[in-house]
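Read the structure below first, then the notes.
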Amino acid sequence: MKAIAVLAALTGSATAGPLATIKPRLDGAHARVTFGIAGQLRSPREIIGRREEPLTAEESTAKQIEKLLRGPLRYGVTGIYVCDARTGEALFAVNADDPLNPASNVKMISTATAIELMGPDFRYSTRVLGAEPDGNGTIHGDVYLLGTWDPTLASGDLDQLADQLVMRGTKAIDGNLVVGPEPARDGLYHAEIPIEIHAGAPGEPPTASAPPGVDLVTFAITAKTAKGPQRPHLVFAAQSVTEPDGHVHVQLSIGGTIGKGGSLTYPLVTAEHTAAAAALLRADLLARQIAISGDVVTRELGDFIGASVTSGDLPVELARHDSATLAEIVTKVNKWSINWLADRLIETTAGLAHRDNPTMAGALDAMYDWLARHTHVAKTDVLVDTGSGLSYHTRISPRELVAVVRDAAGFTPGTEGLGAKAWLGSLSIGGTDGTLGRRFRTADLRGLVHAKTGTLSTVIALSGVLDVDPLRPLAFSIVTNGDRPLSKTYVRKAHEQLVGLLAKYAVVTAKLPPPLAPVAATPQPAPLRPDDAEEPDLEAPESSAP
């Protein structure tokens with residue numbers, strides 16, 4: 001049996017539960033390495049000290065990893081697990097079963113869950129429903145802005161909806177603009193309204209205004225204009241106010257001072273996701289000379305459809321915006337490690353899959369279910385409390401993280417498919433893009449490390465696939481935890497050195513492809529591409545950092 005090089009824990013395996021504090025191990029001088037031969041662990045003296053032949057590739061690599069553990073990784077706890085991605089054959093391990101915090105490596109679980117729930121080609125839709133315009137371009141009755149909790153919906157997408165209504169010949173809406181009561185379903189998750197502020201006369205308050213047609217915002221201004229030019233020192237506070245008739249508006253208080261002749265644009269971010277979307281869409285329609293006789297009102301979708309049917313004006317889809325594909329959104333999440341989008345993505349996909357409102361509780365249930373199905377890890381054995389990994393409570397072992405990588409990337413039997421290819425393509429590529437764009441830039445590693453980074457003040461992590469040998473890619477997880485803040489530069493460099501050792505090991509132990517068939521003496525027609533030939537990874541287009 002091929003030797004398995006196992007790096008033992010620096011002071012033995014951890015026995016702490018998922019919420020226990022990770023205690024620093026003894027320094028690297030106490031590190032001990034054991035090797036597995038025929039399924040049994042032997043001491044270094046028994047295996048190496050009593051023979052004269054050279055060390056095997058596994059033994060040599062293990063000794064070099066041990067030096068890193070005694071050197072730059074001697075503080076805190078470092079867990080390592082490496083295996084053959086295709087077969088699962090274990091190659092190297094240290095503290096592989098310790099419950100550690102992997103920070104943003106949790107996004108590997110949430111994005112894999114989202115893809116399985118909805119499929120890589122899924123798109124969030126936002127539509128305007130209503131009756132067809134008549135010959136004069138008038139829509140009789142209300143129109144409904146219906147969304148699907150799209151976390152990527154932006155104000156520019158509402159512009160597109162308004163443009164589509166214009167192209168449909170719409171000139172007037174004889175009714176209200178209706179939205180649903182569900183928080184954020186029909187709205188902008190990142191609801192931002194630009195507020196223009198201009199200085200007044202010296203000693204007088206400045207003026208503030210929302211975009212034309214946006215009547216959602218009211219102002220309470222106590223700020224004053226200075227006698228001369230100076231940098232603005234304004235203080236902003238916003239609160240939602242519900243009127244007796246049920247209408248909601250956002251009151252923006254502005255204090256401080258602004259210089260004479262000064263002006264600025266303040267991005268007002270509000271939690272009134274749906275109200276902001278409706279107000280902006282209404283303003284877009286008015287800007288395109290589409291008159292609206294009614295107001296923005298809230299009503300259940302079923303009530304809207306019932307009223308439309310009763311009046312004889314059957315609602316149809318008047319305009320539609322589809323988001324980027326789920327594969328493209330997942331790529332943005334994993335390559336750039338966007339925390340808010342990761343959380344919102346798994347919340348919404350879990351909610352849509354189970355026909356329920358998005359919640360973090362539902363998202364976590366879906367993630368635990370995915371872990372149970374794919375890695376056979378019980379909910380009691382790990383602790384995950386976000387979709388992003390932005391938590392100091394998360395606990396999962398390097399061995400379990402590698403199991404996530406193998407299943408999500410389609411290396412284990414039965415997990416292959418477009419979803420797995422999309423997920424693998426979403427990982428940052430060393431020396432190429434995302435959070436690894438400036439790392440692994442040497443010729444022997446550039447483009448060969450597909451991984452997810454993880455960083456908190458006391459956590460540095462890296463998990464993914466090392467594709468040096470296409471016939472035997474390596475799945476790996478390296479997680480360093482400390483009780484005190486870690487030096488990101490110092491620890492990341494050590495992790496990169498460790499991956500470099502694995503790359504050299506992969507080169508030395510590379511499985512050679514079968515020899516080419518002899519060239520025929522007479523010309524032969526070019527063979528057809530075999531049906532079982534592997535397709536390239538379906539990597540979503542590279543997205544820019546937010």
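The values are calculated or read from the model by the stated rules, or taken from the named source; none is laboratory data. A quick note: this is a predicted structure, and the numbers were derived from the prediction, not measured. Note that we place each Cβ from the backbone using ideal geometry, even for glycine, and neighbour counts take in every protein chain shown.
Here are some notes:
This table checks each residue for (1) assigned by TED's automatic domain parsing to the domain that holds Leu165; (2) on the phi < 0 side of the Ramachandran plot; (3) within 32 Å of the chain's Cα centre (by Cα).
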{"site": "Gly203", "(1), (2), (3)": "yes, no, no"}
{"site": "Pro244", "(1), (2), (3)": "yes, yes, no"}
{"site": "Ile258", "(1), (2), (3)": "yes, yes, no"}
{"site": "Gly261", "(1), (2), (3)": "yes, no, no"}
{"site": "Leu264", "(1), (2), (3)": "yes, yes, no"}
{"site": "Pro267", "(1), (2), (3)": "yes, yes, yes"}
{"site": "Leu281", "(1), (2), (3)": "yes, yes, yes"}
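- Breaking point among (1) of a type outside the set (A, V, I, L, M, F, W, C); (2) closer than 19 Å to Arg127 by Cβ; (3) in a strand (DSSP E or B), for Pro183: (3)
- Qualifying positions in the range 399-425 - in a helix (DSSP H, G or I), touching a Leu at 6+ places or on another chain (Cβ under 7 Å) and farther than 22 Å from Asn339 by Cβ: Leu418, Lys421
- The set of residues from the range 262-283 being surrounded by 12 or more Cβ atoms within 10 Å (Cβ to Cβ) and more than 20 Å from Gly147 (Cβ to Cβ) comprises Gly262, Ser263, Leu264, Tyr266, Leu268.
- All of (1) on the phi > 0 side of the Ramachandran plot; (2) out of contact with any Gly (no Cβ under 9 Å at 6 or more places or on another chain) hold for Ser337 with one exception: (2).
- 3 or more residues over 16 Å from His273 (Cα atoms): qualifying strands (runs of 3 or more DSSP E) within the range 111-158: 125-130, 138-140
- The single condition from (1) closer than 23 Å to Thr412 by Cα; (2) over 18 Å from the mean Cα position of the chain (by Cα) that Leu371 fails is (2).
- Of the set (1) assigned to a strand (DSSP E or B); (2) modelled with pLDDT of 95 or more; (3) exposed (fewer than 15 other Cβ atoms within 10 Å of the Cβ); (4) aliphatic (A, V, I, L, M), all apply to Val241 but (2).
- Residues of the range 430-447 classified as without any contact (Cβ under 8 Å) to a residue 40 or more places away in the chain and among the hydrophobic types (A, V, I, L, M, F, W, C), total: 2
- Pick from the range 294-308, criterion under 14 Å from Ala278 (Cβ atoms) and of a type outside the set (Gly, Ala, Ser), ranking: surrounded by the most Cβ atoms within 10 Å (Cβ to Cβ): Phe304
- Among the residues of the range 297-326, those that are farther than 19 Å from Asp157 by Cβ and small (Gly, Ala, Ser) comprise Gly302, Gly306, Ala307, Ser308, Ser311, Gly312.
- Pairs with Cβ under 7 Å, 6+ apart, first in the range 176-192 and over 17 Å from Ser155 (Cα atoms), second among the charged types (D, E, K, R): Asn176/Asp142; Asn176/Asp295; Val178/Asp142; Val178/Arg299; Gly180/Asp186; Gly180/Glu300; Pro181/Glu300
- Filter pass, Ala287 being surrounded by 17 or more Cβ atoms within 10 Å (Cβ to Cβ) and either out of contact with any helix residue (DSSP H, G or I) (no Cβ under 7 Å at 6 or more places or on another chain) or more than 14 Å from Asp215 (Cβ to Cβ) (or both): no
- Selected residue (only one of Ala366, Ala350 is under 17 Å from the mean Cα position of the chain (by Cα), surrounded by 14 or more Cβ atoms within 10 Å (Cβ to Cβ) and under 23 Å from Val402 (Cβ atoms)): Ala366
Residues are listed down the side, and each one gets a yes or a no for (1) of a type in the set (A, V, I, L, M); (2) more than 19 Å from Ala96 (Cα to Cα); (3) in the same structural domain as Arg438 (by TED's automatic domain parsing):
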position	(1), (2), (3)
Val465	yes, no, yes
Pro470	no, yes, yes
Ser477	no, no, yes
Leu486	yes, yes, yes
Val491	yes, no, yes
His495	no, no, yes
Val499	yes, no, yes
Ala503	yes, yes, yes
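- Whichever residue in the range 426-455 is within 13 Å of the chain's Cα centre (by Cα) and part of a helix (DSSP H, G or I) and, among such residues, is farthest from Val82 (Cα to Cα): Gly434
- Residue among Leu161, Leu177 that alone is touching a His at 6+ places or on another chain (Cβ under 8 Å), surrounded by 17 or more Cβ atoms within 10 Å (Cβ to Cβ) and closer than 20 Å to His273 by Cα: Leu161
- Number of positions in the range 133-151 that are surrounded by fewer than 23 Cβ atoms within 10 Å (Cβ to Cβ) and β-branched (Val, Ile, Thr): 2
- Being among the polar types (S, T, N, Q) and modelled with pLDDT under 95 is a property that Ser293 lacks.
- Per this entry, Ala271 is not counted among residues that are among the hydrophobic types (A, V, I, L, M, F, W, C), under 26 Å from Asp186 (Cα atoms), in contact with a Leu (Cβ under 8 Å, 6 or more places away or on another chain) and in the same structural domain as Ser155 (by TED's automatic domain parsing).
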